[in-house]
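The values are calculated or read from the model by the stated rules, or taken from the named source; none is laboratory data. Since we're looking at a predicted model, the values are computed, not measured. Every residue, glycine among them, receives a Cβ derived from its backbone with ideal geometry; neighbour counts consider all protein chains shown. Areas reflect the complete protein model, heavy atoms only, side chains present, ligands, DNA and RNA absent. Shrake-Rupley method; radii C 1.70, N 1.55, O 1.52, S 1.80 Å.
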There are 2 protein chains.
Amino acid sequence: MTTEKRYTPIISKLRDANLRPTRQRIALAELMFRGEDRHISAEMLHKEATTARVSVSLATVYNTLHQFTQAGLLREIAVEAGRSYFDTNTSNHHHFYFENDGHLEDVHADEVVVSSLPTPPGGAKISRVDVVIRVRQD
Amino acid sequence: MTTEKRYTPIISKLRDANLRPTRQRIALAELMFRGEDRHISAEMLHKEATTARVSVSLATVYNTLHQFTQAGLLREIAVEAGRSYFDTNTSNHHHFYFENDGHLEDVHADEVVVSSLPTPPGGAKISRVDVVIRVRQD
DNA sequence: TCAATACTTTAGAGCCGTTCTAAAGAGAGA
DNA sequence: TCTCTCTTTAGAACGGCTCTAAAGTATTGA
Ligand SMILES: [Mn+2]
Ligand SMILES: [Mn+2]
Ligand SMILES: [Zn+2]
Ligand SMILES: [Zn+2]
């Protein structure tokens, strides 16, 4: 019996992003990308890893989140100063922001019609349009 | 000669907001609201005050910015985690965010047509819709 | 006019999310 | 297996912001 290697979709994703498929990256990716799309903070993910008996340092969680973002596997969202959320849904979409408890919910791109945009000054190029619908419960 | 009081527009604004017109609040308001609309951070304003020989503590700058925001004289904007901007333009409008240097520029409300919005879940009420057009120079 | 009162300011400590450092560890090509 | 490069890590450091509690100031109303 020779050494076996499993090429899961996650490992392929990492390879494609030129990121070595380390134990930590694989575990974090599995935690984040299983199930539904999420909006997760670094501290939340670190706690989830700990709970799942995955030993990862907080620095590695931050490194991984940023590397994944750079690779297009995540999207970083800032709605409140002081904490970043990372969105596992990288498709074109928008958000409800619940001011009461600070959580985010997706709004499909076709539910918000931005039918006209200005031309950026100085020849700048639009990299993304974020629509945040701030809502209050009660 | 009796004690004289000048009721400038700024002092009236403060009185209307139930804020005592202290030396610090008046000076900060004068710095912020003279001239064009701006997107200013607490540290920027504190430095401006210092430069203008206005002695104010950083805590007071933060207190004042938050009180003004609460009173509707300012609007707080978060585009990057870690630093808040306060907008002296409280009318309905949107923003270009220059990813290179992190500065904001106004986009008039009528230059962005958001022609359709989803209904918030759970009977939540929309308090504001923020459109941030992220742009890159080159 | 002048206490009495309530509000405001302040220095400095503390907080918290995030980034840095530099040394140890692990993956991958040869 | 060897070597190189990339990765992880603990812990210190950082930066924006908030808190504390004590001193200062505006306002009220007698
Ligand atoms: Mn970041
Ligand atoms: Mn704030
Ligand atoms: Zn989302
Ligand atoms: Zn603005």
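If we count every other residue with Cβ under 15 angstrom of B:Ser55's Cβ, Lys/Arg +1 and Asp/Glu -1, where does the sum land?
Numbers: positive: B:Arg23, B:Arg25, B:Lys47, B:Arg53; negative: B:Glu30, B:Glu48.
Residues close to B:Ser55 contribute a combined charge of +2.
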**Message:** Along each principal axis of its Cα atoms, how long is the range B:91-135 end to end? Whole angstroms, biggest number first, please.
**Reply:** 39, 20, 17
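How crowded by other chains is B:83-90, given as the mean number of beta carbons from other chains within 10 Å of each beta carbon? Provide the component values of the computation, followed by the final result.
Numbers: counts 3, 3, 1, 0, 0, 0, 0, 0.
Mean shielding count: 1.
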**Request:** Quickly work out the A:Thr8-to-B:Ile77 label distance, labels modelled 7 Å from Cα along the C-beta direction, and quote it in nm with one decimal.
**Result:** 4.2
**Prompt:** For label points placed 7 Å from Cα toward Cβ, what is the shortest-first list of nm distances from A:Asn92 to its copies?
**Reply:** 2.5
**Request:** Put a label point 7 Å from Cα along the Cβ direction on A:Lys47, then list its distances to the equivalent points in the other copies in nm, shortest first.
**Result:** 3.6
**Prompt:** How far, in nm, would the chain grow between B:Thr22 and B:Glu99 when pulled straight, counting 0.36 nm per residue and subtracting the alpha carbon separation?
**Reply:** 24.0 nm
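Given the DSSP H assignment, sum -39500 (n - 2.57) over each helix run of at least 4 residues in chain B and divide by its residue total; what's the result at 222 nm in deg cm²/dmol, nearest 500? Mind showing how you got there, number by number?
Details: 4 runs with 42 residues, N = 138.
Theoretical 222 nm ellipticity from helices: -9000 deg cm²/dmol.
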**Asked** Given label points at 7 Å from Cα along Cα→Cβ, what nm distances, shortest first, separate A:Gln137 from the same residue in every other copy?
**Response** 4.2
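Roughly speaking, what % of Cα-Cα pairs in the range A:9-77 are separated by over 19 Å, rounded to a whole number?
Details: 548 of 2346 pairs.
Pairs farther apart than 19 Å: 23 percent.
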**Asked** Which whole-Hz couplings ³J(HN,Hα) result when phi for each residue of the range B:117-130 is put into the Karplus expression 6.51 cos²θ - 1.76 cosθ + 1.60, θ = phi - 60°, listed in order with x for Gly and Pro?
**Response** 10, x, 7, x, x, x, x, 5, 10, 5, 9, 5, 10, 9
**Request:** Evaluate Rg over Rh across the range B:1-118, taking Cα atoms for both radii and Kirkwood's formula for Rh.
**Result:** 1.03
**Fill in**
Rounded to the nearest whole number, the per residue volume of the convex hull around the C-alpha atoms of the protein assembly as shown in Å³ is 187
**Message:** Keeping every protein chain present and rolling a 1.4 Å probe, give me the accessible area per residue for the range B:91-135 in Å².
**Reply:** 47
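At the nearest 100 Å², what buried accessible area, both sides summed, do you get for A and B when the probe is 1.4 Å?
Values: alone 9500 and 9490 Å², together 16100 Å².
Heavy-atom accessible area buried at this interface is about 2900 Å².
In the range A:91-135, what percent of the accessible surface is made up of carbon and sulfur (1.4 Å probe, ligands and nucleic acids excluded)? Walk me through the numbers before you get to the answer.
On the way: 1040 of 2110 Å².
Reported share for carbon and sulfur atoms: 49 percent.
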**Asked** When only Cα pairs under 8 Å and 6 or more residues apart are kept, what is the percent relative contact order across chain A?
**Response** 18
